[in-house]
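Just so it is clear, none of the values below were taken in a lab; they were calculated from the coordinates. It should be emphasised that the depicted structure is a prediction, and the values quoted were computed from it without experimental measurement. Here the Cβ is made from the backbone with ideal geometry for all residues, glycine too, and neighbour counts use every protein chain on show.
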Amino acid sequence: MSILKVENLSISFQQYSAGLKQIEHNVISNLNVSIEAGEIVAVVGASGSGKSLLAHAILGILPSNAIISGVITFEGEELTSARQKAVRGKEIALVPQSVNFLDPLMRVGSQVRTSVKKGDAVEAQRAVFKRLRLERVVERMYPFQLSGGMARRVLLSTAMVSGAKVIIADEPTPGLDPVVIKEALDHFREFANQGCAVMLITHDIEAALQIADKIAVFYAGTTVEIARVEDFVGKGEALRHPYTKALWRALPQNDFMPIPGSQPHPSALPSGCLFAPRCSMATSECLQDQPEMRNLRDGIVRCIHAT
């Protein structure tokens, strides 16, 4: 059973254009993804595909002009606003993308200690700092005194000591050296092996493949495929969606083939399949309605032509 499940999530934002005309931008549409205890699901996709917005929707920290529909459940119960507030930072922890999540007026050691729910907070904070190669002196620093890499390790420390059942890591590795990246990824795998569910949001497919069980591929605000890590081999023959295959073949170690065109802006989404304008397999049927997600070869895909 999924510990965290997102079903048909749609998010739009109301804005005002010149002349005070109200417009609505659909940034996420019919998005589906789920994760089980002990599992790592990596969410990958280009910038603007909705990855970080998904994390913020789960935690209930979207801005006030967001319009949300769909259902998000945690441990089988719907995540209402009240429940999101109750579990946020406790049972569902976020490793945020921006280091601005750190309190600028509070020493970082004290910030990490506030996330410790059981046992000695100081001992837990110092143990995790040692694991992430942060010197003892760092605990008395303020965020402005940290390098970007140090700040990201502090954010990672906060999630590591929380004892959360679900950890959502939003681009947790930029700015870290390769050794620390590997250690951070290993820690996420360790969390999962201990029964924690981990959602790793990243643009780095290579890093995701090192530790994830499944890869959820996002495009223009929706899920186009959920595939096993084992499917990402060769020329992508085991993959299902044309975008996933193109993304895989665009990597330097594969064919390094660029994908023609660009991801559509939320204000100019096509009426049918969102990838159709860039897809060599597209037919007139693809331009009519957005395809439904369907099971195919032990994976899930949003494409009428996938076989």
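The figures follow:
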quantity	calculated
Pairs of Lys in the chain closer than 17 Å at Cα, counting only those 8 or more apart or on different chains	14
Helix-derived mean residue ellipticity, 222 nm - over the chain, DSSP H n ≥ 4, -39500 (n - 2.57), to 500	-7500 deg cm²/dmol
Largest-first ellipsoid semi-axes for the chain, taking √(5λ) over the Cα gyration tensor eigenvalues, angstrom	34, 23, 19
Additional length obtainable on full extension of the chain from VAL229 to VAL137, 0.36 nm per residue less Cα span	29.1 nm
Rg [Å, one decimal], Dmax [Å, integer] - region 118-247, C-alpha atoms	16.9, 52
Cβ-Cβ FRET estimate between ASP255 and LYS182, R0 fixed at 35 Å, reported to 0.05	0.85
Share antiparallel - DSSP beta bridges, the chain, percent rounded to 5	65 percent
Extension reserve of the ALA37-VAL71 stretch, reckoned as 0.36 nm per residue once the Cα distance is removed	10.3 nm
Most to least packed among 77-85, 163-171 [average Cβ atoms within 10 Å]	163-171, 77-85
ALA82 paired with GLU206, simple spin-label distance in nm, labels 7 Å along Cα-to-beta-carbon	4.9 nm
Restricting region 216-307 to trypsin sites (Lys or Arg not before Pro) in coil, as DSSP defines it, with at most 11 other Cβ within 10 Å	LYS235
Efficiency of FRET between LYS21 and HIS265 - r from beta-carbon atoms, R0 25 angstrom, step 0.05	0.90
